[in-house]
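No lab work stands behind these numbers, since they all come straight from the coordinates. From a predicted model like this one, the values you see are computed outputs, not experimental measurements. Cβ: placed from backbone, ideal geometry, glycine included. Neighbour counts: every protein chain shown.
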Amino acid sequence: MMKRLSMIAGAFALMALFTIQATAKEITVRGHLGQTVEAGGWLIIAETDGQTTKYLLLNARRFQNENWFRAGTEVEATGETKPDTMTIYQEGTPFEARIMRPAGGQTSQAASGKRPGRVIVSGDAVVAVKPDTAVLLIAVVTQNKTALNAQAENAAQSDAVIRALKAAAGSGAEIKTSGYSLTPQRVYKENQPPTIVGYEARNTVTVTLSDLTRVGAVIDAASQAGANNVDSVSFTLLKDRPAQGQALAEATRAAISKAQAVAQALGGRVTRILEVQEGGTMPRPVYRLTGEENARVAQATPIEVGTLDIRSQVQLIAEIE
């Protein structure tokens, strides 16, 4: 009797195993996507002869990046049911899709095994704006046989230059000493140690002003008061955020346009932007003079300000299909 019961139990166990294997075989279902409160989050709801069958997608995340994956889309999916998988609400038959595509025939990337392509492009832009600030480096250089006299002459001459600069630049300008040096002047002869023949004192003043119409007058006033070196004249943009934002936006649009052109040439389209990196936004000084041009600056009092170039570059990685 016990032997017969054991044989019957074994037969039922074998039948259950065959039932699970038969149930877990690969099937193809067709229905529309719907959301659920289950952990998987998505169902395939099939309608057959007036009857509704729900399949709970266990691997919905695999397909959620597809542009067609949304509630109501008719899909066709091939995969295996997982009857031994327990879910919280038991809403629908647990189902793991190997392939899923829109029922209309458009092949999904995950179904076809094709991964989306990527393209790396860069965009450049240049925005021309008017500068709002001028920066002048003006120096007083004096020479004398003794350090004390060179220093004293420079102090008196620099004081006169600074007073003239303040009067010419106006109350809104910033005037400050940016450099001072007192160096010996040496004469070198062959096979002899160098000999100090005098001293040179240099006092450099930086003038920053927003009234660009005063630049020429400031140079004239400094020269007349005793300044004998104009190290540089440059123009810049202190309030540069709007211009930098405009250049950055134009560079980004240029990069996106390139990515779209590449995608169209490949017979596809841009699906999303994966990464964006700013290459930098850099203003270019409009006008700068140094060295041998100093004398010419002193004569060329009319100063043409011109425009300032704000350059921006953006690199982005786009996904295309």
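For Gln157, neighbours were defined as the other residues whose beta-carbon sits under 15 Å from its Cβ, and their charges (Lys and Arg +1, Asp and Glu -1) total -1. Straight-distance candidates among the lysines for linking to Lys130, with alpha-carbon spacing under 17 Å and chain neighbours fewer than 8 residues away dropped: Lys239. By the rule of a C-alpha distance below 28 Å, with chain neighbours fewer than 8 residues away ignored, the lysines paired with Lys82 are Lys25, Lys54, Lys114.
Tell me, what is the FRET efficiency for Glu91 and Thr307 to the nearest 0.05, using R0 = 56 angstrom and their Cβ-Cβ distance as r?
0.25
Taking the inverse of the mean reciprocal distance over all distinct Cα pairs, the Kirkwood hydrodynamic radius of the stretch 133-234 comes to 14.4 Å.
What separates the Cα centres of the stretch 226-245 and the stretch 132-158 is a distance of 22 Å.
Using only the C-alpha atoms, the convex hull of the stretch 47-92 corresponds to 116 Å³ per residue. Taking 18 Å as the straight-line reach from the Cα of Lys166, the aspartates and glutamates in range (excluding those fewer than 8 positions away in the same chain) are Glu174, Asp211, Asp220.
Rounded to the nearest 0.05, what FRET efficiency do Thr73 and Glu47 give with R0 = 25 Å and r taken as the Cβ-Cβ distance? Could you check?
Values: r = 14 Å, r/R0 = 0.58.
E between Thr73 and Glu47, to the nearest 0.05, is 0.95.
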